[in-house]
Amino acid sequence: GNSVTQMEGPVTLSEEAFLTINCTYTATGYPSLFWYVQYPGEGLQLLLKATKADDKGSNKGFEATYRKETTSFHLEKGSVQVSDSAVYFCALTNDYKLSFGAGTTVTVRA
Amino acid sequence: KAGVTQTPRYLIKTRGQQVTLSCSPISGHRSVSWYQQTPGQGLQFLFEYFSETQRNKGNFPGRFSGRQFSNSRSEMNVSTLELGDSALYLCASKALAGTDTQYFGPGTRLTVL
């Protein structure tokens, strides 16, 4: 079956630091890959996606590249802000449902 | 375009009661999926509805059920509530069935006492 493994948190950073959250997956076929973000007390917001190998998804300064050879989809941001504090979920789908990683809590300090 | 809406946002129930949660998808979206989020189990798929038919179901007991109306709005029902049903219930909509991108609502926080 499908599974997603993402780096465990929590991650604490200072403003303007570089953020990387590792995500690897196991799936049959050619899944679509996603990063969702969840702010306190809210639902999931789609951050970015990639639907085929070597695609790069990007949004709000975040980027992730679909690497089929390493089955990875690592999330990066060059300079984080306090407002980036949230829980980040890596997810995939190759059928009707999303399979999620456990989530990584990121806290950015001013 | 308005996003996915869920009502109510918060619910408190006692064991043995039943509850109904509502979800209105993005206009034009025909597929609605439900997920349960708990600290212990993370995000788990409950079921998916498309064109008023349940297309897929996750590994949850029969106490969890749902339906979809002709306007694509969906309801989820949990009967005979247990303490372990306390969770954030998230609804997601997508335009088509299959691997289309899912957009989530704000969730309904259910607390069972």
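In table form, for the structure just shown:
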quantity	calculated
Among (1) free of Cβ contacts under 8 Å to residues at least 60 places away in the same chain; (2) within 13 Å of chain B (Cβ to nearest Cβ); (3) surrounded by fewer than 17 Cβ atoms within 10 Å (Cβ to Cβ), the one test that A:Thr5 misses	(1)
Residues of region A:58-85 that turn out to be assigned to a strand (DSSP E or B) and touching an Asp or Glu at 6+ places or on another chain (Cβ under 9 Å), as a count	8
Search result, residues across region B:66-85 that are crowded, with 17+ Cβ neighbours inside 10 Å and over 18 Å from B:Thr5 (Cβ atoms)	B:Val78, B:Leu81, B:Asp85
Residue list for region B:51-83, filter: of a type outside the set (Ser, Thr, Tyr), within 27 Å of A:Ala102 (Cα to Cα) and in contact (Cβ under 8 Å) with a residue 40 or more places away in the chain	B:Arg55, B:Glu75, B:Met76, B:Asn77, B:Val78, B:Leu81, B:Glu82, B:Leu83
Every pair of residues 6+ apart whose Cβ atoms lie under 7 Å, when the first sits in region B:1-18 and is more than 16 Å from B:Thr108 (Cα to Cα) while the second is loosely packed, with under 14 Cβ neighbours inside 10 Å and charged (D, E, K, R)	B:Arg15/B:Glu82
Residues of region B:79-113 satisfying the condition of being assigned to a loop (DSSP other than H, G, I, E, B), at pLDDT 95 or above and among the acidic types (Asp, Glu)	B:Glu82
Hits in region B:86-99 - residues which are surrounded by fewer than 23 Cβ atoms within 10 Å (Cβ to Cβ), within 18 Å of B:Ser24 (Cβ to Cβ) and at the interface with another protein chain (Cβ under 9 Å from one of its Cβ atoms)	B:Leu88
Condition broken by B:Ile26, with the remaining ones in (1) in contact with a Ser or Thr (Cβ under 7 Å, 6 or more places away or on another chain); (2) of a type in the set (Val, Ile, Thr); (3) farther than 26 Å from B:Ala2 by Cα satisfied	(3)
Looking only at region A:50-97, and only at residues there that are at pLDDT below 95 and of a type in the set (Ser, Thr, Tyr), the one that is surrounded by the fewest Cβ atoms within 10 Å (Cβ to Cβ)	A:Thr51
Some residue of region A:9-17 being without any contact (Cβ under 8 Å) to a residue 24 or more places away in the chain, surrounded by fewer than 15 Cβ atoms within 10 Å (Cβ to Cβ) and charged (D, E, K, R)	no
First in region A:42-53 and within 7 Å of another protein chain (Cβ to nearest Cβ) and touching a residue at least 24 places away in the same chain (Cβ under 8 Å), second anywhere and part of a strand (DSSP E or B) and not hydrophobic (A, V, I, L, M, F, W, C), Cβ under 7 Å, 6 or more apart	A:Leu44/A:Tyr36; A:Leu44/A:Gln38
Residues within region A:75-90 that are among the hydrophobic types (A, V, I, L, M, F, W, C) and touching a Gly at 6+ places or on another chain (Cβ under 7 Å), tallied	3
Residues satisfying the stated conditions in region A:16-32, i.e. part of a loop (DSSP other than H, G, I, E, B) and touching a strand residue (DSSP E or B) at 6+ places or on another chain (Cβ under 6 Å)	A:Ala27, A:Pro31
Subset of region B:55-76 [assigned to a strand (DSSP E or B) and touching an Asp or Glu at 6+ places or on another chain (Cβ under 7 Å)]	B:Arg55, B:Asn56, B:Gly66, B:Arg67, B:Gln68
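The values are calculated or read from the model by the stated rules, or taken from the named source; none is laboratory data. Here the structure is a predicted model, which is why all the values come from computation and not from measurement. Counting neighbours? That spans all protein chains shown, and the Cβs are built from the backbone with ideal geometry, glycine included.
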